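**Q** There's a structure below that I have some questions on.
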Amino acid sequence: MVLALLLTLGTQSTFAGEYGPAVEGEWVVVDAEMPEDTGLSGCSATYLQDGVVLPDLPLFYTRIVPDAAWGTQEMVDLIVESARHTRWLMPDASPIIIGDLSVRYGGFLSGHKSHRGGVDADIGIYRRGRWQPTNRFDDLSAKDFDPEANWLLISTMLQTGKIDMILLDRSHIATLRSYTVKSGLLTAEEADYIFVSDGGSAHWERTGVIRHAPGHKSHLHVRVLCGDGSKAGG
Ligand SMILES: [Zn+2]
């Protein structure tokens, strides 16, 4: 795309003001080859600008608290696309439970350390039988956790390329890792790249996309990247 750049020559140029002359100095137009402007931008983990509400699509998912279902465009797109794809892969599965994203303009949300910038969402996991409750999260034991259904959901999300990280309890991570490697869906090397199953408290700083965090036996905490692919800033 050819972008017209306005360059000013001279030392006393000013922008158009209410009182003074529009421009002092000499303006020239220069054509320069610039990268295509994608319109994609960075985002914040602490406030939400240009938030989008997750639409009500009961065939695909249920929102527990619609007032806390605001996110960035990337987050909303991720949930809709993943839920749609997951339903196509598993038409017999129950709709996914969607917990809190963020409130309309972001900021503090009761019960969470994060969920302030529209880049975090709590998403239900499948109990064996591809089943999720309709309006709450239930802690699942390792034997209740459905590795096949949950891997379909998670891998669908990963394939969008929009995921920064996913937090989940280490027992479920271990189950997923074992399932994907034993069934040949991932090599051990690929699994090591995706899963961090050894826990640790500083989970926000860990490498690996899927990481342990306490309090995540009932749902995934998903953080998305910004539209330009960067991580959400402060
Ligand atoms: Zn969360």
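**Q** When residues of the range 79-134 are filtered for being within 12 Å of the ligand (Cβ to nearest atom) and without any contact (Cβ under 8 Å) to a residue 12 or more places away in the chain, how many remain?
**A** Selection size over the range 79-134: 2.
**Q** Say we look at the range 142-160 and pick out the residues that are more than 19 Å from Val196 (Cβ to Cβ) and in contact (Cβ under 8 Å) with a residue 24 or more places away in the chain; which of these is most open to solvent (accessible area, probe 1.4 Å)?
**A** Glu148
**Q** Here's another thing I want to ask about it. Could you figure out which of (1) more than 15 Å from the ligand (Cβ to nearest atom); (2) surrounded by fewer than 18 Cβ atoms within 10 Å (Cβ to Cβ); (3) among the basic types (Lys, Arg); (4) more than 14 Å from the chain's Cα centre (by Cα) isn't true of Lys231?
**A** Every listed condition holds for Lys231 apart from (4).
**Q** While we're looking at this one, here's another question. Answer yes or no as to whether Lys113 is surrounded by fewer than 17 Cβ atoms within 10 Å (Cβ to Cβ), among the basic types (Lys, Arg) and assigned by TED's automatic domain parsing to the domain that holds Ser218.
**A** When the stated conditions are applied, Lys113 passes them.
**Q** Given the options His216, His172, name the one that is surrounded by 14 or more Cβ atoms within 10 Å (Cβ to Cβ) and in a loop (DSSP other than H, G, I, E, B).
**A** The match here is His216.
**Q** Now a separate question. Scanning for something modelled with pLDDT of 90 or more and part of a helix (DSSP H, G or I), does the range 193-211 turn up at least one residue?
**A** Yes, there is a match, as at least one residue in the range 193-211 is modelled with pLDDT of 90 or more and part of a helix (DSSP H, G or I).
**Q** Restricting to the range 120-137, and then to whatever is of a type in the set (D, E, K, R) and modelled with pLDDT of 95 or more, can you tell me which residue is surrounded by the fewest Cβ atoms within 10 Å (Cβ to Cβ)?
**A** Arg128
The values are calculated or read from the model by the stated rules, or taken from the named source; none is laboratory data. Quick caveat, the model's predicted, so the values are computed rather than measured. Please note: Cβ atoms are built from the backbone with ideal geometry, for glycine as well, and neighbour counts cover all protein chains shown. Ligands, DNA and RNA are excluded from the accessible area calculation, which covers all protein heavy atoms including side chains. Shrake-Rupley method; radii C 1.70, N 1.55, O 1.52, S 1.80 Å.
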